[in-house]
Amino acid sequence: MNIQHNIESERMTFWERIYLPEIGRGLALTFKQMFQPTFTRQYPEEKWIPTGSYRGRPVLVLEEEGERCVACGLCSRVCPALAIEVRAAETDKVKERYPEKFEINMLRCIYCGFCEEVCPEEAIIMSKDYELVFTNPQDAILGKDKLLIPIAQLQDRLEFLRQYR
Ligand code: SF4
Ligand code: SF4
């Protein structure tokens, strides 16, 4: 009896079955939107500048004294995509170790930010760079020459991390 009652109450009305009012409502909404301001960005002429919370490609922080990284390998161990390769070497500087080789395979990276989270030196952080185009797989393996970015260009992200981490 109850089931019968539910089926009865769920039956569509005549106007619902012919869809015409809904089609009219949809067209009205579309028509209204035509006169709203547009949000189309003329990329690449008009670039989008993300805020500090954005997670673009991971990069290494370069200070005046040199790279922050001490080649502890934590980022490499935590990376779920096995995208990071670090080879440590010794140095005469106070920090004693540095990455002789540091590579990130951007075809593997999933922008999770785990490397940034575990780094004890705040040496690897997510940048604002989202323009990544490669013509062959080898180009997607970024070495220190492409990963090291001057700290002045990373201030937004560092500020964001200090505030919210
Ligand atoms: S962002 Fe994630 S996937 Fe990419 S290198 Fe860092 S830990 Fe690996
Ligand atoms: S980037 Fe950070 S976590 Fe990765 S090896 Fe260097 S110091 Fe260690």
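Structure values in brief
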{"item": "Top-ranked residue of segment 58-89 - restricted to ones that are touching a Phe, Trp or Tyr at 6+ places or on another chain (Cβ under 8 Å) and farther than 19 Å from ARG108 by Cα, ranked as nearest to ligand 1 (Cβ to nearest atom)", "result": "CYS69"}
{"item": "Sole residue being open to solvent by 30 Å² or more (accessible area, probe 1.4 Å), out of contact with any Cys (no Cβ under 6 Å at 6 or more places or on another chain) and within 16 Å of ligand 1 (Cβ to nearest atom), chosen from ARG41, ARG55", "result": "ARG55"}
{"item": "Options GLU65, GLU46; residue that is surrounded by fewer than 11 Cβ atoms within 10 Å (Cβ to Cβ), within 16 Å of ligand 2 (Cβ to nearest atom) and either over 18 Å from PHE160 (Cα atoms) or not charged (D, E, K, R) (or both)", "result": "GLU65"}
{"item": "Check on ARG97, on the phi < 0 side of the Ramachandran plot, touching a residue at least 60 places away in the same chain (Cβ under 8 Å) and touching a Ser or Thr at 6+ places or on another chain (Cβ under 8 Å)", "result": "no"}
{"item": "Helices (runs of 4 or more DSSP H) within segment 74-165 that include 2 or more residues surrounded by 14 or more Cβ atoms within 10 Å (Cβ to Cβ) and away from ligand 2 (no atom under 13 Å from the Cβ)", "result": "155-164"}
{"item": "Unmet requirement for PHE31, which otherwise passes all of (1) more than 13 Å from ligand 1 (Cβ to nearest atom); (2) of a type in the set (Phe, Trp, Tyr); (3) surrounded by 10 or more Cβ atoms within 10 Å (Cβ to Cβ)", "result": "(3)"}
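The values are calculated or read from the model by the stated rules, or taken from the named source; none is laboratory data. Small disclaimer: the values here were computed from a predicted structure and weren't measured. Note that each Cβ is placed from the backbone with ideal geometry, even for glycine, and that neighbours are counted across all protein chains shown. Ligands, DNA and RNA are excluded from the accessible area calculation, which covers all protein heavy atoms including side chains. Shrake-Rupley method; radii C 1.70, N 1.55, O 1.52, S 1.80 Å.
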